[in-house]
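Down below is the structure, laid out as C-alpha cells.
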Amino acid sequence: MDRQEVEKRLKRSGGETRREEENLVHDSSIDYKGRVPLRASTGVWKASLFIITIEFSERLSYFGIATNLITYLTQVLHQDIKTAAKNVNYWAGVTTIMPLIGGFLADAYTGRFNMVMFASLVYLMGLSLLTMSQFIPSLKPCKTEICRQPRKLHEVLLFVALYFISVGTGGHKPCLQSFGADQFDDDHLEERKKKMSFFNWWNFALCCGLFLGVTVIVYVQDSVSWGVADLVLTITLAITIVTFYMGKYCYRYRVAHGSPLIPMLQVLVAAIRKRNLPNPQNPDLLFEVPKSEKYSHGRLLLHTNRLRFLDKAAIIDREENENYQSCEQKHNPWRLATLTRVEELKLILNMIPIWLTLLPNTVCLAQASTFFVKQAATMNRNITNDFKIPPASIFSLGAIAMLVSVMVYDKVLVPMLRKATGNERGMNILHRIGVGMILVVIAMAVTALVERKRLQYADPQAMSVFWLAPQYIILGIGDAFALVGLQEYFYDQVPDSMRSLGVALYLSVIGVGSFLSSFLISVLDHVTAKYGRSWFGKDLSGSRLDNFFWLLAALNGLNLCVYGYFARGYTYKNVDRRVALGDHSVRNGNDQSIA
C-alpha cells in the first residue's frame with residue numbers, strides 16, 4: 001500500500017471520528033442511562049415539549065388560585081381588605097422565595113429531574129388538601145350555604161394546603177425551567193438559537209396557563225364552586241406529572257456535583273491569603289485547568305477586568321508552582337483557585353446591584369393580584385344581562401397582551417434586530433429588561449389616573465371594568481420584555497453549576513417584592529392614618545389607592561435611573577467557547593457580544 005493510500009484512509013477515518021463526535025453532546029450532560037447523549041435522539045424541542053406541558057399545568061393551578069385568593073379571603077373567610085392583601089402577599093412572597101432552597105438542593109445534591117418529580121408530588125398534595133377542604137363536610141367553611149362565621153379548622157387547612165403548594169413550587173419552579181433550558185447545547189450554533197426562542201415559548205405556555213387560570217378556573221370558582229375548580233386543577237396536574245415522567249428517555253440530565261457555594265468561598269479565602277501579591281499584567285499567567293481536562297470541568301470562562309482583587313486567588317506562587325510543575329499533588333483549592341472559579345464569583349457579585357434595582361419593579365407587579373382585582377370587584381362587570389365577568393378574570397387582558405407580545409417579539413422583532421445589530425438575541429438582555437421597567441412606570445401612572453376617576457363616581461358600578469384594560473395591557477407588554485428578560489438573565493449569567501439557583505434568584509426578586517409591598521402598605525397605612533385619613537380603608541371607596549399608585553410610579557422612575565447606571569457598566573459572562581456542529585467558527589471567546 002503506497003503512502004498516498006494510507007493518508008487517504010487516515011483522513012477518511014479522522015472524518016468519521018469527527019462526525020461521530022458531532023453526533024454526541026459534549027456539554028457535561030448525560031442521557032437517562034448515564035452516557036454521553038446522542039444529539040439526534042435527546043434534548044431540543046422533542047424533550048422540551050414534555051417539560052413545557054407540566055409548566056402549563058402548574059401555572060394554570062397557581063394563577064387559578066393566586067388571582068382569586070383575595071376574593072376567597074374577603075368573601076368566604078370575611079377578612080378585611082388590608083389583612084387579605086397582606087396574607088396574599090405573604091403567601092406569594094414565600095412561594096417565590098422557597099425556590100432558593102429547592103434550586104440549591106437540586107444543583108448540589110438531587111439533580112433537577114428528581115427535584116421536579118418530588119416537588120410536583122408535594123404540589124399535588126397541596127391541591128388535594130384544597131379539594132378535600134371543599135368536599136369533606138367536617139372540613140368545609142360552614143355547614144350552610146351562606147357562611148357568616150367560617151370554621152377555624154377550614155382556615156387552618158386552607159393555609160396548610162397553600163403552603164404545601166409553596167414548598168412544591170420551591171422545587172418545581174427553578175428546576176423545571178433550567179431543566180428545560182438544559183435540553184439545548186450552548187456550544188452548538190443552531191441549538192443555541194433555539195434556546196433563545198425557548199424562553200419566549202416557555203412564557204407563551206406560561207401565559208396560556210395564566211389565561212385559562214384567570215378565566216375558566218376563576219369562572220368555575222365564582223359561578224359553580226371552589227371545590228369543582230380545585231378538583232379540575234388536581235386532576236390536570238396529576239395527568240401532566242405522568243406525561244412529564246414519560247419523557248425521561250429523551251431528556252438530557254446534569255449530574256449534581258455538591259454545593260456550588262463552597263468553590264466561591266474557596267476563591268474568597270485564597271484571594272485574602274494572597275492579598276499582598278501584585279496582580280500579573282498578563283491574565284494568561286493566572287491558573288486554569290488544562291484544555292485537555294475541559295470536558296471534566298465544564299465550560300471555562302475567560303478573564304474580565306472587574307473586581308481584580310479576586311484574581312489574586314488564581315496567582316501561582318512559588319510553592320504552588322513547584323508542586324504544579326512536579327505534579328506531586330493536586331492543587332489545594334483553598335490556596336489556589338482556577339480562573340473559571342474566580343470569574344464565577346465575579347458573576348454572582350456583579351448580579352447583586354442588578355437584583356436590588358429590580359425590587360421596586362416587582363412591588364408594582366404584586367398589585368395586579370391584590371388591589372387591581374379589588375378595583376375590578378367594585379366596577380360594572382356585566383357583558384350581558386345574564387353574564388358578569390369574575391373580578392379576577394380581568395387579569396386575562398394582561399395574559400393576552402403578553403402572549404401577543406412574546407410572539408411578535410420572537411417572530412418579528414428578533415429577526416429585525418439581529419440584522420440591525422448583529423446580536424444573536426436581537427436585543428441585549430439588560431436592555432430588554434429596561435424596556436419592561438419603563439412600561440411598568442407608565443402602567444402605574446395610568447393605574448393612578450384610572451383609580452382617581454373611579455373615586456369620582458358616586459356609584460363605582462356605573463364605571464365599566466374595561467377602564468382597567470390599559471393598565472393590564474401595558475403591564476402584560478412590560479412582562480414580555482422584563483420578566484422574560486429576567487429569566488434569560490438569571491439562567492444565562494450565573495455559573496453553569498448554579499442554573500437552578502439562578503432561576504430561583506429570578507423568582508426571589510418577585511418574592512421579596514411581594515414582602516416589600518406588604519411592608520410598604522403597613523408603613524403607609526400607619527403614617528397616613530397618623531397625619532390624616534389612611535390611604536388603605538376597610539374598602540376601596542374609603543381608600544386613596546391613587547396616591548399609592550402615584551408613589552410607586554415615582555419610586556420606579558427614580559429606580560430606573562439607578563438601574564440604567566449599573567446596566568451600562570455591566571460585564572457579561574465571558575465564555576471560552578468550544579464550537580460544535582452547526583457553528584463554523586473556531587471559537588467565540590466572548591459571550592458579551594450576544595448577551
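The values are calculated or read from the model by the stated rules, or taken from the named source; none is laboratory data. Keep in mind the model is a prediction, meaning the values are calculated, not measured. All Cβ positions, even for glycine, are placed from backbone atoms using ideal geometry, and neighbour counts span all protein chains on display. In case anyone asks, the SASA skips ligands and DNA or RNA and just uses the protein heavy atoms, side chains included. Shrake-Rupley method; radii C 1.70, N 1.55, O 1.52, S 1.80 Å.
Observations, loosely collected:
- Projecting the Cα atoms of Asn350, Leu365, Ala376 onto the dipole axis of the range 296-445, where Lys and Arg carry +1 and Asp and Glu carry -1 at the beta carbon, places Ala376 farthest toward the positive end.
- The local environment of Cys250, defined by Cβ-Cβ distances under 13 Å, has a net charge of +3 under the rule Lys, Arg +1 and Asp, Glu -1.
- Semi-axes of the equivalent ellipsoid of the range 493-538 are 38, 8, 5 Å, computed as sqrt(5λ) over the eigenvalues of the C-alpha gyration tensor in descending order.
- Extending 7 Å from Cα along the Cβ direction at Asn23 and again at Gln281 yields two label points whose distance is 5.1 nm.
- Stretching Phe309 away from Val412 to a fully extended chain increases their span by 32.7 nm, per 0.36 nm per residue minus the current alpha-carbon distance.
- The base-10 log of I(q)/I(0) for the range 317-439, evaluated at q = 0.21 Å⁻¹, reads -1.22 [Debye formula, identical scatterers on Cα atoms, solvent excluded].
- Net charge of neighbours whose Cβ lies under 10 Å from the Cβ of Pro391, counting Lys and Arg as +1 and Asp and Glu as -1: +2
- Taking 0.36 nm per residue of separation and subtracting the current Cα-Cα distance, fully stretching the chain between Ile262 and Asn114 would add 51.0 nm.
- Highest mean packing comes first when the peptides 565-576, 95-106, 189-200, 272-283 are listed by Cβ atoms within 10 Å, giving 95-106, 189-200, 565-576, 272-283.
- With a cut-off of 12 Å between beta carbons, the residues surrounding Met463 carry a summed charge of +2, where Lys and Arg count +1 and Asp and Glu -1.
- Value of relative contact order over the range 113-262, rounded to a whole percent, pairs C-alpha under 8 Å and six or more apart: 31
- Proximal lysines relative to Lys312, as straight alpha-carbon distance under 28 Å, when same-chain residues fewer than 8 apart are discounted: Lys274, Lys291, Lys294, Lys330, Lys346, Lys573
- Carbon and sulfur %, accessible surface of the range 508-549 computed with the full protein complex present, 1.4 Å: 65
- Convex hull volume per residue in cubic angstrom - Cα atoms of the range 64-104: 62
- Near-label residues of the range 196-237 by backbone N, under 15 Å of a point 7 Å along Cα→Cβ of Leu139: 226-235
- Farthest positive-ward along the chain dipole, Cα basis, beta-carbon charges - from Ser543, Phe490, Asn276: Ser543
- Between the Cα long axis of helix 112-135 and the first principal axis of the chain there is an angle of about 10°, rounded to the nearest 10.
- Mean separation of Cα contacts under 8 Å, 6 or more apart, over the residue count of the range 400-539: relative contact order %: 24
- Over the chain, relative contact order from alpha-carbon pairs under 8 Å, at least 6 apart, %: 21
- Over the range 156-297, equivalent-ellipsoid semi-axes from the Cα gyration tensor in Å: 45, 21, 15
- A Förster radius of 30 Å, combined with the Cβ-Cβ distance separating Tyr32 from Tyr163, puts the computed FRET efficiency at roughly 0.35.
- Between 0 and 90°, nearest 10: helix 3-22 axis offset from the chain longest Cα axis: 20
- The charge dipole of the chain, taken about its Cα centre with unit charges on the Cβ of Lys, Arg, Asp and Glu (plus for the first two, minus for the last two), comes to roughly 560 debye.
- Virtual spin-label span in nm between Glu424 and Phe466, 7 Å along Cα→Cβ: 4.5
- Above-threshold pairs, the threshold being 18 Å between Cα atoms, out of Lys86/Lys374; Lys33/Lys194; Lys82/Lys374: Lys33/Lys194
- Debye intensity ratio in log₁₀ form over the Cα atoms of the chain, taken at each q of 0.10, 0.11 Å⁻¹: -0.91, -1.07
- The angle between the Cα long axis of helix 469-492 and the main principal axis of the chain comes to about 30°, on a 0 to 90 degree scale.
- Applying 1/(1 + (r/R0)^6) with R0 = 35 Å to the Cβ-Cβ distance of Met125 and His78 gives a FRET efficiency near 0.80.
- Rounded to the nearest 20 debye, the dipole size of the range 385-479 about its Cα centre is 280 debye, using +1 on the Cβ of Lys and Arg and -1 on the Cβ of Asp and Glu.
- Our helix-only sum for the chain, with -39,500 (n - 2.57) per DSSP H run of n ≥ 4 divided by its residues, gives a mean residue ellipticity at 222 nm of -21000 deg cm²/dmol.
- Under a 5 Å amide H cut-off, with hydrogens placed 1.01 Å from N, Asp576 pairs with Leu300, Leu301, Leu302 among residues at least 5 apart or on other chains.
- The range 139-285 - charge dipole about Cα centre, Lys and Arg +1 at Cβ, Asp and Glu -1, debye rounded to 20: 500
- Highest mean packing first, where packing is the average number of other Cβ atoms within 10 Å per residue, the peptides 201-210, 174-183, 303-312, 458-467 line up as 174-183, 201-210, 303-312, 458-467.
- Rg of the Cα atoms in the range 360-519, relative to 2.2 N^0.38 Å, amounts to 1.19.
- Protection proxy ranking of 388-397, 330-339, by the mean of other Cβ atoms within 10 Å over each peptide's residues and highest first, is 388-397, 330-339.
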